[in-house]
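The values are calculated or read from the model by the stated rules, or taken from the named source; none is laboratory data. Note that the structure is predicted; figures quoted are calculated from it, not measured. All Cβ positions, even for glycine, are placed from backbone atoms using ideal geometry, and neighbour counts span all protein chains on display. For accessibility, only protein heavy atoms count, side chains too; no ligands or nucleic acids. Shrake-Rupley method; radii C 1.70, N 1.55, O 1.52, S 1.80 Å.
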Amino acid sequence: VEVAYDVAVNVGEKDYRSTLLKVRDVDALYVVTAGYAEVAYIAKQAKDMGFTGPVYTFSGIDNNEEYKSLCAVGCAQVIIPITSTSDDMQAFNEKFKARYGDYPSTPAAATSYDGARMLAIALQNGEDTQSVIQGLHAIRDFDGVSGIRQFREDVGWPIVERSYELHTLENGTYVLRS
């Protein structure tokens, strides 16, 4: 894959037309971007300028209410990798929203939650550094809200194997992209 054009997205910016003209001029096949409201503005402006390719963004935007509101209609070309639609992840997201007033803005919330739970288990082995390390490395097939986790000795940190489903927002509902 060759990067045809690379530019930073400024948080809070609403007009991306000059940047999108450059994207159009290099005949880009797709756009990869980050942000929340910014993704909505980029997608809608690209579409208005005749760009017909997909706009890929990051996992976690699916829980952002501002993005959902701006993209309720007109952002069907935005493709979002959603990491888990498991019952555990959905329950975690609902509990998070009940406590903090909004859904987590990133899947790292679930990953951090799982990490804290793994640390609590490891601390049962002792509180000194070596005991915690040994306790973490002893954890096998930890069933967390973000997936099955375990420490791999060859890399020294937790590895989560997960699959992603590609979704798009159509009429206010996330739809699995075929």
(request) Scan the range 69-114 residue by residue and report those that are at pLDDT below 85 and part of a helix (DSSP H, G or I). (result) 87, 88, 89, 90, 108, 109, 110, 111, 112
(request) Just give me the residues in the range 87-134 being among the hydroxyl-bearing types (Ser, Thr, Tyr), free of Cβ contacts under 8 Å to residues at least 60 places away in the same chain and under 29 Å from residue 166 (Cβ atoms), in sequence order. (result) 100, 103, 106, 111, 112, 113
(request) Return yes or no: is residue 153 of a type outside the set (Ser, Thr, Tyr) and at pLDDT 75 or above? (result) no
(message) Can you say whether residue 133 is over 17 Å from the mean Cα position of the chain (by Cα), outside any helix (DSSP H, G or I) and surrounded by 13 or more Cβ atoms within 10 Å (Cβ to Cβ), as far as the supplied structure shows?
(response) no
(message) Cβ-Cβ under 8 Å, sequence separation 6+ or interchain: first residue in the range 43-56 and within 16 Å of residue 169 (Cα to Cα), partner aromatic (Phe, Trp, Tyr) and open to solvent by 50 Å² or more (accessible area, probe 1.4 Å). Which pairs?
(response) 53/30; 54/30; 55/30; 56/30
(request) Just need a number here: residues in the range 1-50 that are closer than 24 Å to residue 81 by Cβ, assigned to a loop (DSSP other than H, G, I, E, B) and either open to solvent by 30 Å² or more (accessible area, probe 1.4 Å) or among the charged types (D, E, K, R) (or both). (result) 16
